[in-house]
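Notes follow once the structure below has been shown.
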Amino acid sequence: MRLIWSFRSRAAVAALALSAALTVCAQPALKDAFEGVFLIGAALNEAQFTGRDTNAVALIKTHFNSVTAENVLKWQRIHPEPGVYEFELADKFVEFGVQNGMVIIGHTLVWHHQTPRWVFRNEDGSQVDRDTLLARMREHIHTVVGRYKGRIKGWDVVNEALDEDGRLRQTPWLRIIGDDYIAKAFEFAHEADPEAELYYNDFSLENKPKRDGAVALIKRLKAQGIPITGVGLQGHYTLNWPSKKQLAETIRAFSELGLKVMITELDVDVLPRADAHRGADLMVRYQHDPKLNPYTAGLPDSVQRKLAKRYADIFDVLVRHSDAVTRVTFWGVTDRDSWLNYWPMPGRTNHPLLFDRHYQPKPAFYAVLTSAEKAKKSANKTR
Ligand code: XIL
């Protein structure tokens, strides 16, 4: 009896795997649909780039031609203690990208989050001075960028240096080094790998005050001859923010400065927010509230449709600006691994990506494919 059951359950598992594999094969691949338009990327977690999450790996290989490390290249993970580098996982991430012929993106070198306290402190606990912090920044950037030279194509050199009003954010980097910490970070990265593309990355640049601050910052950097290749709009969006107009204006504002523009962390939060906060600041955190977790049993059709329409609108803007937009990277592969399940509130069930918790494409996936077809048709017309 037990034998029969185990045979049956094994057969069931095999059937499931086969149907997952067939689904993967039956879908047109995103990266092919957008070939010649822009790269299609995904942020990868450990289970994915080590191969443990085999269903996700199948999706990644099929649909994406660029990968970003969701966490393993961040300072706290790769350089947790003074003089101690932990390269094992980062190496595996880079190896995954190389093996699959993907464009590999490094995230991130200088940020105020996910950076250990010791970076800003002397052994006695007092704050380090400017020269010490600059030396630490340089050593870190040279070590990490240098190790992956020629394999990591582009780096988010500085992440989130601006406040919502467009002024420089008060971070330990700014307080200790001064305004030129951003320029220094780019210079160090360029020294370490002169071929690498170097980006400034931030969220909510679609809001005018912050965007204006970023434009002014980049103009200052360019005037000083600092090597900056592009701007990353993180793209942590909601069902109604930003508007298509805001997104279009933002892309144009940066491309007019001669920069490449990428969407680096795209997702669309479908859950109600606890307050009016928009954006993606890790500092914002709320206690779990079941009232703000309405879709634990799945996304209702009406919201599923809204999400698909929202993705169609976003991609319509992106393909219309494909001369400026070089890459669109999703912050995760399936809804099951999105950070929006635990930020800004722990323990929720969010549905922000193109693939659901069972690795299946959602209506939003097909909406994005339709945008790609439209892009190809209009490209043919103008040819
Ligand atoms: C997030 C990761 O997705 C989480 O796993 C981690 O716990 C916190 O950081 N902006 C960024 C990313 O630039 O690095 C953040 O990633 C999401 C917001």
>> Just to confirm my numbers, what's the Cα centroid distance between the stretch 205-219 and the stretch 268-323 in Å?
In response: 24 Å
>> As a quick test, which of the pairs Lys92/Lys222; Lys309/Lys377; Lys153/Lys244; Lys61/Lys362; Lys153/Lys245; Lys309/Lys376 have an alpha carbon distance above 23 angstrom in this structure?
In response: Lys92/Lys222; Lys153/Lys244; Lys153/Lys245
> Accessible area of His358, 1.4 Å probe, to the nearest 10 Å²?
Replying inline: 130 Å²
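So what's the back-of-envelope 222 nm ellipticity for the chain, counting only DSSP H runs of four-plus at -39500 (n - 2.57) apiece and dividing by all residues, rounded to 500?
On the way: 13 runs with 163 residues, N = 383.
Value at 222 nm, helices only: -13500 deg cm²/dmol.
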> Karplus couplings for the stretch 66-78 from phi (6.51 cos²θ - 1.76 cosθ + 1.60, θ = phi - 60°), rounded to Hz, Gly and Pro as x?
Replying inline: 8, 9, 10, 7, 5, 9, 6, 9, 6, 3, 5, 8, 8
>> Can you give me the % of accessible surface on the chain that is carbon or sulfur? Probe 1.4 Å, all protein chains present, nothing else counted.
In response: 53 percent
>> Of Val268, Phe365, Pro294, which is farthest towards the positive pole of the stretch 249-383's charge dipole, taken about the Cα centre with +1 and -1 on the beta-carbons of Lys, Arg and Asp, Glu respectively?
In response: Phe365
> Could you give me the ³J(HN,Hα) list for the stretch 265-280, computed from phi with Karplus coefficients 6.51, -1.76, 1.60 and θ = phi - 60°, whole Hz, x at Gly and Pro?
Replying inline: 8, 5, 7, 10, 6, 9, 8, x, 8, 6, 8, 7, 4, 10, x, 9
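Measuring with a 1.4 Å probe in the full set of protein chains, what accessible area per residue, in whole Å², belongs to the chain?
Values: 16980 Å² over 383 residues.
On a per-residue basis, the chain sits at 44 Å².
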> Where the only charges are on Cβ atoms (+1 Lys, Arg; -1 Asp, Glu), what is the dipole of the chain about its Cα centre, to the nearest 20 debye?
Replying inline: 1320 debye
>> Quick one: the Cα spread of the chain along its three principal axes, in angstroms, biggest first?
In response: 71, 56, 44
>> With θ taken as phi - 60° and the coefficients 6.51, -1.76 and 1.60, list the Karplus ³J(HN,Hα) couplings across the stretch 236-248 in order, rounded to whole Hz; mark glycine and proline as x.
In response: 8, 9, 10, 5, 10, 9, x, 6, 4, 5, 4, 5, 4
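The values are calculated or read from the model by the stated rules, or taken from the named source; none is laboratory data. Because the structure is a prediction, the values reported are computed rather than measured. Don't worry about glycine lacking a Cβ; one is built from the backbone with ideal geometry, like all the others, and counts go over all protein chains shown. Side chains included, ligands, DNA and RNA excluded: accessible areas come from the protein's heavy atoms. Shrake-Rupley method; radii C 1.70, N 1.55, O 1.52, S 1.80 Å.
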